1. Could you work out the local net charge near Arg69, counting Lys and Arg as +1, Asp and Glu as -1, over the other residues with Cβ closer than 12 Å to its Cβ?
2. Output ³J(HN,Hα) for the stretch 32-43: one whole-Hz value per residue in order, computed from phi by the Karplus curve 6.51 cos²θ - 1.76 cosθ + 1.60 with θ = phi - 60°, and x for Gly and Pro.
3. So what's the gap between the Cα centers of the stretch 1-34 and the stretch 52-71, to the nearest angstrom?
4. Output the relative contact order of the chain, whole-number percent, from Cα pairs under 8 angstrom with separation of 6+ residues.
5. Where nothing but the Cβ of Lys and Arg (+1) and of Asp and Glu (-1) is charged, how large is the charge dipole of the chain around its Cα centre, in debye to the nearest 20?
6. What is the local net charge at Met1, summed over the other residues whose Cβ is closer than 13 Å to its Cβ (Lys, Arg +1; Asp, Glu -1)?
7. What's the lysine pair count for the stretch 3-66 at a Cα cut-off below 13 Å, pairs eight or more apart or interchain?
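Every number in this text was worked out from the coordinates using simple rules, so none of it is lab data. This one's a predicted model, so the numbers in the text were calculated from it and none came from an experiment. Using ideal geometry, Cβ is built from the backbone for each residue, glycine included, and neighbour counts are taken over all protein chains shown.
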Amino acid sequence: MKKDKCIGCYNNIYNNGAGGAKECWSFKTAKVVWRKMVHADQIPPYTQKAIRVPDCYHKPRYFYIDAKRQN
């Protein structure tokens, strides 16, 4: 996995040297997976297309669920 997959993640600041860190603590074990990005206020069914993100990826007020999940 490359760090360009981390762009937009809440913890990506650690990949850029924030707080003296060299990289995010999840980077070495992260795997790229297919997930649906669901806003906290969205009501099922979740019909958006799946995207490829690291399994540790997260943004405030969003949830990342299995790509095959309907609701």
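1. Numbers: positive: Arg35, Lys36, Lys68; negative: Asp66.
Every neighbour counted, the sum reads +2.
2. 7, 9, 8, 9, 9, 8, 10, 6, 4, 8, 6, 9
3. The two parts, judged by their Cα centres, are 16 Å apart.
4. Values: 101 pairs, mean separation 23.8, N = 71.
That works out to 34 percent.
5. Values: 14 positive and 5 negative charges, 46 e Å.
Roughly 220 debye for the chain.
6. Details: positive: Lys2, Lys3, Lys5, Lys28, Lys31, Arg52; negative: Asp4, Glu23, Asp55.
Once positives and negatives cancel, what remains is +3.
7. Working: Lys3/Lys22; Lys3/Lys28; Lys3/Lys31; Lys5/Lys28; Lys5/Lys31; Lys36/Lys49; Lys36/Lys59.
The number of close lysine pairs in the stretch 3-66 is 7.
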